[in-house]
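Peer 1: Encoded as structure tokens, here's the structure I'll be asking about.
The values are calculated or read from the model by the stated rules, or taken from the named source; none is laboratory data. This is a predicted model, so every value here is computed, not measured. Ideal geometry is used to build each Cβ from the backbone, glycine not excepted, and the neighbour counts take in all protein chains shown. We work out accessible area using only protein heavy atoms, side chains counted, and drop any ligands, DNA or RNA first. Shrake-Rupley method; radii C 1.70, N 1.55, O 1.52, S 1.80 Å.
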Amino acid sequence: MNDVVAVALITAMTTLAAGAIAGGFAYAAANRQAESQEGQAREARAEQRVVRHREVRRDVYVRFLNCMDDAHACMNRVWTEKPIPLQESTTGELLAAANQVGKMLTVVSLEGPPNVAEVAKVIFWHIRDEAFKLDGLMEEEAGHQDANLFDSHEDDYFIFTERRGELESEFVETARVVLGGHLVEPE
């Protein structure tokens, strides 16, 4: 009988040991799987953050370009309007348009990166310079009812507009690199 009890105890202990070992392997496998899923979820969240940040930057850059276009449209109207616009009201419009670009410059600077913000700052200062130049030209040319500023200062106009185009291209290219739009689409 002692043999039977001994065999039963050995069998029971072997079964328990096998169960414990199997449970240990199952626990380790489940743990590895949970860690793997947690890592994948962490990577997915990080990827989503990058995508959201890229979308926010893109939106900010587009809004900056829209403000810049509005300022350029305002300046083009002043360059070409006949008779030359009244200085007081037009100066206010020009500075308001430039200030909108300045406000968006602050947002671009916050969103970054610094190389995009630096180009945006150069654009802002170029717009301010052109607005002040136009203000001086309107004062200088006040009273000429049959002309516009473009006719009498064509060289200045072309210098400013050429530089506008260069700066806009530089901003777009710098922003495109930041947003990843410079990469070739996979085939």
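Peer 1: Please determine whether any residue of segment 50-57 is assigned to a helix (DSSP H, G or I), among the aliphatic types (A, V, I, L, M), out of contact with any strand residue (DSSP E or B) (no Cβ under 7 Å at 6 or more places or on another chain) and open to solvent by less than 30 Å² (accessible area, probe 1.4 Å).
Peer 2: Scanning segment 50-57 turns up no residue that is assigned to a helix (DSSP H, G or I), among the aliphatic types (A, V, I, L, M), out of contact with any strand residue (DSSP E or B) (no Cβ under 7 Å at 6 or more places or on another chain) and open to solvent by less than 30 Å² (accessible area, probe 1.4 Å).
Peer 1: Still on this structure, I have one more. Among the residues of segment 98-119, is any open to solvent by 50 Å² or more (accessible area, probe 1.4 Å), modelled with pLDDT under 90, in contact with a helix residue (DSSP H, G or I) (Cβ under 8 Å, 6 or more places away or on another chain) and part of a helix (DSSP H, G or I)?
Peer 2: no
Peer 1: Moving on to the next point. Identify the single condition in (1) part of a helix (DSSP H, G or I); (2) under 30 Å from ASP146 (Cα atoms); (3) hydrophobic (A, V, I, L, M, F, W, C) that ALA29 does not satisfy, given that it satisfies every other one.
Peer 2: Evaluating ALA29 over (1) part of a helix (DSSP H, G or I); (2) under 30 Å from ASP146 (Cα atoms); (3) hydrophobic (A, V, I, L, M, F, W, C) leaves (2) as the failure.
Peer 1: Still on this structure, I have one more. Answer with yes or no whether GLU88 is of a type outside the set (Ser, Thr, Tyr) and either under 17 Å from VAL60 (Cβ atoms) or in contact with a Cys (Cβ under 7 Å, 6 or more places away or on another chain) (or both).
Peer 2: In short, no.
Peer 1: While we're here: Restricting the search to segment 58-72, which residues are open to solvent by less than 60 Å² (accessible area, probe 1.4 Å) and free of Cβ contacts under 8 Å to residues at least 12 places away in the same chain?
Peer 2: Listed by number, the list holds a single entry, VAL62.
Peer 1: Also: Tell me which residues, restricted to segment 150-177, are open to solvent by less than 60 Å² (accessible area, probe 1.4 Å) and modelled with pLDDT under 90.
Peer 2: PHE150, SER152
Peer 1: For segment 121-139, indicate whether the set of residues that are open to solvent by less than 30 Å² (accessible area, probe 1.4 Å) and either among the basic types (Lys, Arg) or over 27 Å from LEU105 (Cβ atoms) (or both) is non-empty.
Peer 2: No, the conditions are met nowhere in segment 121-139.
Peer 1: Which condition number in (1) among the aromatic types (Phe, Trp, Tyr); (2) over 23 Å from the mean Cα position of the chain (by Cα); (3) open to solvent by 20 Å² or more (accessible area, probe 1.4 Å) is the one that TRP79 fails?
Peer 2: Status for TRP79: all satisfied but (3).
Peer 1: Now a separate question. Does ASP146 qualify as being loosely packed, with under 11 Cβ neighbours inside 10 Å, closer than 13 Å to LYS82 by Cβ and out of contact with any helix residue (DSSP H, G or I) (no Cβ under 7 Å at 6 or more places or on another chain)?
Peer 2: For ASP146, the condition - loosely packed, with under 11 Cβ neighbours inside 10 Å, closer than 13 Å to LYS82 by Cβ and out of contact with any helix residue (DSSP H, G or I) (no Cβ under 7 Å at 6 or more places or on another chain) - is met.
Peer 1: Next up: Taking interchain pairs and intrachain pairs at least six residues apart, which have beta carbon atoms under 6 angstrom, with the first residue in segment 129-146 and touching a residue at least 12 places away in the same chain (Cβ under 8 Å) and the second among the hydroxyl-bearing types (Ser, Thr, Tyr) and surrounded by 13 or more Cβ atoms within 10 Å (Cβ to Cβ)?
Peer 2: Short answer, once both residue conditions are applied: ASP135/THR91.
Peer 1: Going through segment 82-96 one residue at a time, which ones are open to solvent by 20 Å² or more (accessible area, probe 1.4 Å) and either under 31 Å from the mean Cα position of the chain (by Cα) or at pLDDT 90 or above (or both)?
Peer 2: The answer is THR91, GLY92, GLU93, LEU95, ALA96.
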